[in-house]
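The values are calculated or read from the model by the stated rules, or taken from the named source; none is laboratory data. Keep in mind that this is a model prediction, so the values were computed, not measured. Cβ placement follows ideal geometry from the backbone for every residue including glycine, while neighbour counts extend to all protein chains displayed.
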Amino acid sequence: MLVTISTGIAARTIDRSTMRIPVDASGLQGEIGHLPASAVLFGEPLVLNCDCGKPGHLSAYSSGPGIAQMAQSLRVKRPQDWATSLLGLALAEGLSLEEAFKSAVVAQDSLATKLLDAVTAPIADILRTALCLDPDLDRIVLTGGVAIALGVQYRDAILQHLSSHGLYLTSKYNPNWAADRIVVYETDCLVGAGIAALMARAK
């Protein structure tokens, strides 16, 4: 399962034994960015709009634009904490949100860590459901600008959520079930598309 977390969020699964990517009647698969999701900041639920205009979608909280919305909500809710945080200070110095967020997370800034926890929780919920419904998934690759930029810290946050709220019985008897499957990896999706096109042409 390849999950791209960038300006949008989507997922594709491939059965490596058949090299088949299943699609629905509309030719789509894994538009998870538009699935219903929920997010919490400092114990308070948030309802934010997705870029598609509808409220409460996964992308509203966990895509690049969604993280920007979550950061703004955090700034409004905790203005004093924001002003003194490494995240707030880095943004005030002119860094982009991506740069400021990454540097603050690496430095273990408390506010940035809270934000990372909030924006990864909805992703973890989706991955938990995917693994529950399809236990044959043996690898989940997280890619895209958001996942790649935050790298190890992003994966660790996902795994922490899945450790805290895992799969019934599986988490108890196989505590490494998530860590053994989930990786962050920089991929070039156009290469994959090119290979698929060549394979289709050869048939």
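On the stretch given as the stretch 145-189, residues that are of a type in the set (Asp, Glu) and under 24 Å from Ala68 (Cα atoms) total 2.
Of the residues in the stretch 112-125, how many are more than 17 Å from Pro45 (Cα to Cα) and surrounded by 21 or more Cβ atoms within 10 Å (Cβ to Cβ)?
Qualifying residue count for the region: 1.
Can you find a residue in the stretch 69-87 that is within 18 Å of Ala157 (Cβ to Cβ) and surrounded by fewer than 15 Cβ atoms within 10 Å (Cβ to Cβ)? Checking the stretch 69-87: not a single residue is within 18 Å of Ala157 (Cβ to Cβ) and surrounded by fewer than 15 Cβ atoms within 10 Å (Cβ to Cβ).
Determine whether Arg128 is of a type in the set (Lys, Arg), surrounded by 16 or more Cβ atoms within 10 Å (Cβ to Cβ), touching a strand residue (DSSP E or B) at 6+ places or on another chain (Cβ under 6 Å) and without any contact (Cβ under 8 Å) to a residue 60 or more places away in the chain. Reasoning before the result, please.
Numbers: of a type in the set (Lys, Arg): yes; surrounded by 16 or more Cβ atoms within 10 Å (Cβ to Cβ): yes; touching a strand residue (DSSP E or B) at 6+ places or on another chain (Cβ under 6 Å): no; without any contact (Cβ under 8 Å) to a residue 60 or more places away in the chain: yes.
Criteria not met by Arg128.
What do you reckon, is Pro55 over 18 Å from Ile158 (Cα atoms), in contact with a strand residue (DSSP E or B) (Cβ under 8 Å, 6 or more places away or on another chain) and surrounded by fewer than 14 Cβ atoms within 10 Å (Cβ to Cβ)? Yes: the conditions hold for Pro55. Just one of the numbered conditions (1) in contact (Cβ under 8 Å) with a residue 60 or more places away in the chain; (2) farther than 22 Å from Ser38 by Cβ; (3) hydrophobic (A, V, I, L, M, F, W, C); (4) in contact with a Phe, Trp or Tyr (Cβ under 9 Å, 6 or more places away or on another chain) is not true of Leu137: (4). So, in the stretch 14-42, how many residues would count as being touching a helix residue (DSSP H, G or I) at 6+ places or on another chain (Cβ under 8 Å), under 15 Å from Ile126 (Cα atoms) and crowded, with 16+ Cβ neighbours inside 10 Å? Total meeting the criteria: 6. The numbered conditions (1) surrounded by fewer than 21 Cβ atoms within 10 Å (Cβ to Cβ); (2) out of contact with any Phe, Trp or Tyr (no Cβ under 9 Å at 6 or more places or on another chain); (3) hydrophobic (A, V, I, L, M, F, W, C); (4) within 24 Å of Ser6 (Cβ to Cβ) are all true for Leu48 except (2).
Highlighted here are the helices (runs of 4 or more DSSP H) found entirely within the stretch 115-203 that include at least 3 residues which are modelled with pLDDT of 95 or more: 145-164. If you go through the stretch 10-47 and keep only what is in contact with a Ser or Thr (Cβ under 8 Å, 6 or more places away or on another chain), under 22 Å from Asp136 (Cα atoms) and aliphatic (A, V, I, L, M), you end up with Ala10, Ala11, Ile21. Reported count of residues in the stretch 102-114, each being part of a helix (DSSP H, G or I) and without any contact (Cβ under 8 Å) to a residue 12 or more places away in the chain, is 1. Of the candidates Val106, Val183, Val141, the single residue that is surrounded by 15 or more Cβ atoms within 10 Å (Cβ to Cβ) and β-branched (Val, Ile, Thr) is Val141.
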